[in-house]
Amino acid sequence: MTISLDRYAEVAGEDVIEHLRQLAAPLRGRRVVHVNSTRKGGGVAEILDKLVPFMNELGLDASWEIISGDESFYELTKRFHNGLQGNMVELSPALLQVYEETNARNAEALRDTLQEADVVFVHDPQPALLLRQVPERQGKWVWRCHIDVSRPFRPVWKYLREHVSAYDASVFSLADFAQRLPHPQYLISPSIDPLSEKNIPLPADEVAGVREQFGLDPDRELILQVSRFDRFKDPVGVIHAYRLARRSIPTLQLVLAGGEATDDPEGAAVLEEVRQAAAEDRDIKILLLPADAHRTINALQRSADLVLQKSVREGFGLTVTEAMWKGKPVIGGNTGGIRLQIVNHHTGFLVDSPEGAALRIRYLLSHRHKLEEMGEKAQAFVHDNFLLTRHLVEYLTLIHGVASPEDNRIELG
Amino acid sequence: MSATTSGILPFAVKDCALIALATGRCAQNLRELRDALEAVQPSSLYHHFWGGLLRPRFDEPEFNNDFAAWARHALHDWVLAERLAVIDPTEFQELEGLRRELVEVIEERLDERELIPWSKPDQQFHFLDSLIVVFDTHRRVEHPRELVEALAGMTRSSVFYHFIDARRRRPDGIDDFRGWLREQGDGYPELCEQLATMDPFFSSLAETRQRLLELIEDHFGGPRL
């Protein structure tokens, strides 16, 4: 269901919506195409699901295309993902050939749309080769990288850089992720949608009901991590932190809730590692939720006493913002975009080890007033900085910017 | 009582949107910071002093510019952080003057220290720049008294444009409100003086808007009935 931008005035403020309309007015009719590799699962799809209808509501002619590939294509792009985040991976010539052929085949299917677009946003590495397959392109092409590429495995970046260098601009989530590229590099941090199923306020009985649904004791402390079963999210480290914290809080319960994105073939292996680490502990619940279990995740986040995102590498970590929006302090890994969201000691804590996470869990659960104070600050911080409306403003600003790449000040008529 | 002189243009309420860009230049130690400071575009200095007001930030910032925050949190050099934090960019007519002052403070610190302070690799200082897109809201203020109502409806970014960005944009280096008031009748010297004393550094843009609104409202004898 598409929600009108006007509804966002209630949350973000009337002035913010008016600001968006004025910024978008000169872009009326501009054809904008977003391309990624999945329509469901993962933060990118969630953002596009909202951004595209909003751009249309503001008068732009926006569309969202997805590319498809076979298992080897996703295997390779998963390696890209891991490699860009710094893991040593192998890119065999056979897999690279699959990658190039898949992009060529998808380019053929999307040729007319891509060729005629005024601005094309290509999200992440999966469709990055489309550009070279569309030599007759008329508009500006922007590579939007959602991954933490601050310290990539060099061979992977070397291969990819050759292709993304040809874009007119790129977008990274944080300054630390920007690379040496021969074009402007914009910085846009992700956002959350306050009116989505995952973030809307829920009735108290629904929040309470989620504990019953998953066999959680309503009277005992609950800590939660919501993320894919991915080694970079360190779910095993979370279990370690929970065990350390339980020495002083024996009633503690832990939920690890994850869903699998359709482009993540590694998830099953990590899930098995997590199950082994949890062993027979009945107070650890491992939930493998479907991609559309937004309301359940919402209820779990609201039901938890505090939320963890103990990633060791993280592009941004939307689950951090989601939890903060629900007034929960977050204990997050001291890495990537988490540093931008958690104001250490104000909206949560940044930690570098399971021991650090355990210490902060103990501190917050034994200082309830502090926990509540941090939660309130966290919610206000998200309101001012990480709502979808801010994200949309930046995309529109960027579209103005790519049309005049030489200027750092554009005065619209 | 001042009155609007006929022929004076109304105050055109504008708004802006700002997006950050990476410059590709970063520093991992104090000497690299000094070298990069000497080379970056003036607009990058502007971004690191003023752009923060429109970036995600906490409403209780510890420091008023990014250089001071980095000295404290990445280099762990409290003395340098305090010296950098005390630099007031409004005292410099040109950004080049601000650049010289920054370099001077850093060189002094380099002379004092036996070892060059370093940051961890993932805490480097990234020099950023920004793109600002300015647009007309088509709202016009005919009389200074009406500024109260106009301010109440301004976005944070509109306050940024007229109260912060104006200082770089205008040849006289003042904000747009004072610039317009000075064109009116006797120039509202008292009100302008009060506006000039406002320090926008440690306030959020919402607080700045509220303070502006109160000063102008007080000047005209309280809220209109």
List pairs: first residue in the range A:329-348 and away from chain B (no Cβ under 12 Å), second residue aromatic (Phe, Trp, Tyr) and not in a loop (DSSP other than H, G, I, E, B) anywhere in the structure, Cβ distance under 9 angstrom, at least six positions apart or on different chains.
A:PRO329/A:PHE349; A:VAL330/A:PHE349; A:ILE331/A:PHE349; A:GLY332/A:PHE349
Which count do you get for residues in the range A:99-117 that are touching a helix residue (DSSP H, G or I) at 6+ places or on another chain (Cβ under 6 Å) and surrounded by 20 or more Cβ atoms within 10 Å (Cβ to Cβ)?
4
So, in the range A:119-175, exactly how many residues are of a type in the set (Ser, Thr, Tyr) and in contact with a Ser or Thr (Cβ under 8 Å, 6 or more places away or on another chain)?
1
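This table checks each residue for (1) under 25 Å from A:GLY315 (Cβ atoms); (2) in a helix (DSSP H, G or I).
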| position | (1), (2) |
| --- | --- |
| A:THR113 | no, yes |
| A:PHE121 | yes, no |
| A:TRP141 | yes, no |
| A:VAL149 | yes, no |
| A:TRP157 | yes, yes |
Somewhere in the range A:350-372, is a residue touching a Lys or Arg at 6+ places or on another chain (Cβ under 8 Å) and within 10 Å of chain B (Cβ to nearest Cβ)?
no
Quick one: B:ARG25 ticks every box in (1) modelled with pLDDT of 90 or more; (2) within 23 Å of B:VAL133 (Cβ to Cβ) except a single one, so which number is it?
(2)
Number of the condition not met by A:ASP176 [criteria: (1) outside any loop (DSSP other than H, G, I, E, B); (2) more than 24 Å from the chain's Cα centre (by Cα)]
(2)
Out of all the residues in the range A:316-355, which are under 21 Å from B:GLN123 (Cα atoms) and among the charged types (D, E, K, R)?
A:ARG339, A:ASP352
Restrict the check to the range A:85-100 and report whether at least one residue is outside any helix (DSSP H, G or I) and more than 26 Å from the chain's Cα centre (by Cα).
yes
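State all residues of the range B:33-47 that are free of Cβ contacts under 8 Å to residues at least 40 places away in the same chain and surrounded by 17 or more Cβ atoms within 10 Å (Cβ to Cβ); if no residue qualifies, say none. Write out each step before concluding.
Kept after step one, since they are free of Cβ contacts under 8 Å to residues at least 40 places away in the same chain, are these residues of the range B:33-47: B:35, B:39.
The answer is none; no residue qualifies.
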Do any residues in the range A:374-391 that are within 11 Å of another protein chain (Cβ to nearest Cβ) have Cβ atoms under 6 Å from those of residues that are part of a helix (DSSP H, G or I) and among the polar types (S, T, N, Q), where the two are at least six apart or on different chains, and which pairs are they?
A:VAL382/A:THR321; A:PHE386/A:THR321
Considering residues of the range A:1-19 that are surrounded by fewer than 16 Cβ atoms within 10 Å (Cβ to Cβ) and charged (D, E, K, R) only, the residue farthest from the other protein chains (Cβ to nearest Cβ):
A:ARG7
Kindly check whether there is at least one residue in the range A:57-73 that is at pLDDT below 90 and not charged (D, E, K, R).
no
Could you tell me whether any residue of the range B:118-126 is within 14 Å of chain A (Cβ to nearest Cβ), at pLDDT 90 or above and within 16 Å of the chain's Cα centre (by Cα)?
no
Given (1) β-branched (Val, Ile, Thr); (2) in contact with a Lys or Arg (Cβ under 9 Å, 6 or more places away or on another chain); (3) free of Cβ contacts under 8 Å to residues at least 24 places away in the same chain, B:VAL148 misses just (3)
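Of the residues A:THR397, A:THR347, which single one is outside the structural domain of A:GLY237 (by TED's automatic domain parsing) and crowded, with 20+ Cβ neighbours inside 10 Å?
Among A:THR397, A:THR347, only A:THR397 is outside the structural domain of A:GLY237 (by TED's automatic domain parsing) and crowded, with 20+ Cβ neighbours inside 10 Å.
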Out of B:LEU213, B:LEU191, B:LEU181, B:LEU151, sole residue that is closer than 26 Å to B:PHE63 by Cα and not charged (D, E, K, R)
B:LEU213
Being under 30 Å from A:GLU162 (Cα atoms) and either surrounded by fewer than 19 Cβ atoms within 10 Å (Cβ to Cβ) or away from chain B (no Cβ under 14 Å) (or both) is the filter here; which residues of the range A:183-218 pass it?
A:HIS183
Regarding the range A:69-92, can at least one residue be identified that is more than 16 Å from A:VAL120 (Cα to Cα), more than 14 Å from chain B (Cβ to nearest Cβ), free of Cβ contacts under 8 Å to residues at least 12 places away in the same chain and among the small types (Gly, Ala, Ser)?
yes
The range A:106-124 residues that are without any contact (Cβ under 8 Å) to a residue 24 or more places away in the chain, paired with ones that are surrounded by 15 or more Cβ atoms within 10 Å (Cβ to Cβ) (beta carbon under 6 Å, 6 or more apart):
A:GLN115/A:VAL134; A:GLN115/A:ARG137
I'm trying to understand the selection: among the residues of the range A:219-244, which are basic (Lys, Arg) and part of a loop (DSSP other than H, G, I, E, B)?
A:ARG220, A:ARG228
For the range A:392-413, enumerate the residues that are part of a helix (DSSP H, G or I), of a type outside the set (Ser, Thr, Tyr) and at the interface with chain B (Cβ under 8 Å from one of its Cβ atoms).
A:VAL393, A:GLU394, A:LEU396, A:LEU398, A:HIS400, A:GLY401
Residues being surrounded by 14 or more Cβ atoms within 10 Å (Cβ to Cβ), under 17 Å from B:ARG34 (Cα atoms) and either not assigned by TED's automatic domain parsing to the domain that holds B:PHE49 or not basic (Lys, Arg) (or both): count how many of those fall in the range B:75-92.
7
By my count, helices (runs of 4 or more DSSP H) wholly in the range A:271-347 with at least 3 residues that are under 22 Å from A:PRO201 (Cβ atoms) and within 17 Å of the chain's Cα centre (by Cα) are A:294-303, A:318-325
Tally the residues that are buried (at least 23 other Cβ atoms within 10 Å of the Cβ), out of contact with any helix residue (DSSP H, G or I) (no Cβ under 7 Å at 6 or more places or on another chain) and within 14 Å of chain B (Cβ to nearest Cβ), restricting the search to the range A:20-65.
0
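The values are calculated or read from the model by the stated rules, or taken from the named source; none is laboratory data. Since the model is a prediction, treat every value here as computed from it, not as a measurement. Quick reminder, even Gly has a Cβ in these numbers, built from the backbone with ideal geometry, and neighbours come from all protein chains shown.
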